[in-house]
Every structure is written in structure tokens, then in C-alpha cells.
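First the structure, in the form of C-alpha cells, and then the observations on it.
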């Protein structure tokens, strides 16, 4: 069986873990790697982790890598926002290469970034290739999964989704992204700057609404710190009593003046109970709960590489996880 050739763009902690997962699949092979970090350029992937290829070196020039290795798919793990990801996607798509990205805003960008979405969609159709944004959240737990669960409902009145997780078991960059270890003043400053938030709640709300045929009147995304009631110590940081140990973020979507979608995302170092929960008020009522929650790092990497073969079969254009079969691919 011919292996699917993958070029990886972005070799941070997430890219490295995805590379490990690729190396464990007989059907996949990383044939090229790109990163802008000067400390990584020229290094072999094996220098980053023993499970990775000794034959692939990291380059800063994406165009040269695409020309040299001619991959079947590009896996893009660089940034979270549409403004910065769009030029990267366009460079790849112009080479006729489909894209699987972990960019959160790309998971359902049509409402938040309509012009950029249309640009990507138009180019991908012209180049007869497909682009998708995926991940565990957004991409699955707070959008694709609840939308799928509504399939057995004759009527849906409201959708409530809760994701609580103990961030002590997540990678360091994720802990910093949710504000763990910050003073409350520093937390508020970063919130005001827009650099401290879980990206994707609005996209998840719009995805669920679209699958239910709802056009939301308005959405809201409220962010607050989870405050440590005592000192907390982890391998990567020490958190003082009274400082932020994470973030609580609540998204709400309204239709005809009624709150129809509520998403609560709470991630904190030392969160006492981890779980993922979907509550559908309708006919019938449905409550689905995953006790212990889903490990975000593992699941994001898994859904990314499970989407690689699927994107090759997808209809050209900018796609969502509603267009990609949600099944594992273990060959």
C-alpha cells in the first residue's frame, strides 16, 4: 500500500505529537516539515523526538518544500485566527495540496470571517482541492458531536454543552493560554488584549446552529478567571492562592430573543472533575456525558490525522467537520 505523504507546517509541541502519531500509522508518512522558529530551522525531526524521522529536516521555506517533496496533504498547526492562517492556506492550495489545519477559527469561519472564508473556498474549488479546520474543540466535542446527537430528535428546543477539564495534564502552552499562574490583574489585562481566551466557542455555536437550521440573532462570549483557593504546584508552574488557575468561558447564542445554545468551557489546573457533556432539550430529551473528559492533546492529534485520508476524498472547497466522515482511520 502506498503511504499518504504528509508535509507538516508548524513543529511546536502539537506538531511534534502529530508527527509521533503519523509515525505510528502504516498508511501515513511525514515527508517534509516547515517552521519559522530560527531555533528549529535545519534540525532533523528526530532531534525533536526520537519517534520522528531522521531523514526529514525542518525548513523555513514552504514553497521549496512543497516543490521538493510533492506531498499528498499538508497538516497546518501554526496559528488560531483566520487573518494569519489565510495566506498560509492560500500558499499551500495554490500548489494543489489539500489542507488539514488545527486553526480554531477555521473550524466554522463563515460567520466570523466571511470574506476570508470565501477567498479560501473560491481558491480551493479552482485548484480542485479541499481545506478543513479540525480539532477536539472546536471540531468535535462542542460542535460536531452535539450536532450529530440531535439527529435522533424530532424537535430541538435548546442545546447546552459543558466541557470541564483539569489542565494539569495538558501541555505547557495550553496552560499558559488559559491564564494559569497569572495574577488577576494580569489575567484581566490579557483578556482585554484578546490574548487570553479559548478560541472557538463562537465558531462552535455557529456550527451547531447551522446544522439545526437556525440563524442566530446574536452571540456572546464571556470570560472570567478560575481563582485558586490555595497554592497549586505542577511540573511546569507554581500558582499562588488568589491567582488564576485557568479560565471559565461561557458562550451564548440567541434566536428570536431566546437563549438557544449555551456552551461552558472551563479549564483550570487542579479542576476537581473533568467531563464532557451534551444536554439537548427536545423530543426526545438527550443527555450524554463522558466522565473523565477527553484528553485534548491526544484527541486533537488523533482527529487531525484521522482527517488526512478523508480530506483526499472531500468535495473541493472550504469544508467543515460536518462534511468529513467522523470515523477513525487506522490503516
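The alpha carbons of the stretch 100-163 give a radius of gyration and a Dmax of 14.3, 41 Å, in that order. Taking label positions 7 Å along the Cα-Cβ direction at both residue 215 and residue 288, the computed distance is 2.8 nm, reported to one decimal.
For 155, 198, what ranking results if the residue with the fewest other Cβ atoms within 10 Å of its Cβ goes first?
155, 198
At q = 0.16, 0.18 Å⁻¹, what base-10 log of I(q)/I(0) does the Debye formula yield for the stretch 176-331 when every alpha carbon is treated as an equal point scatterer in vacuo? Scattering profile of the stretch 176-331, log10 relative to I(0): -1.12, -1.25.
Over the stretch 256-307, the ratio between the Cα radius of gyration and 2.2 N^0.38 Å evaluates to 1.48.
Label sites at residue 63 and residue 5, each approximated as a point 7 angstrom past Cα along Cα to Cβ, lie 2.0 nm apart.
A helix-only calculation puts the chain at -8500 deg cm²/dmol for mean residue ellipticity at 222 nm, using -39500 (n - 2.57) for each DSSP H run of at least four residues, averaged over all residues.
Length gained on full extension, residue 256 to residue 313: 16.7 nm, using 0.36 nm per residue less the C-alpha separation. Residues of the stretch 251-281 with backbone nitrogen within less than 15 Å of a virtual label 7 Å along the Cα-to-Cβ line of residue 152, please, listed as ranges. Label zone hits: 278-281. Separation of the stretch 142-156 and the stretch 246-309, taken as the distance between their Cα centroids, equals 13 angstrom.
Each part reduced to its alpha carbon centroid, the stretch 47-86 and the stretch 211-227 end up 33 Å apart. Site pair residue 186 and residue 37 shows an inter-label distance of 2.1 nm when each label is modelled 7 Å from Cα along Cα→Cβ. Estimated at 0.36 nm per residue, the fully extended path between residue 176 and residue 125 surpasses their Cα-Cα distance by 14.6 nm.
FYI, it's all coordinate maths here, none of it is from the lab. Bear in mind the structure is a predicted one, so any value in this text is a computation, not a measurement. Note: ideal-geometry Cβ built from the backbone for every residue, glycine included; neighbour counts use all protein chains shown.
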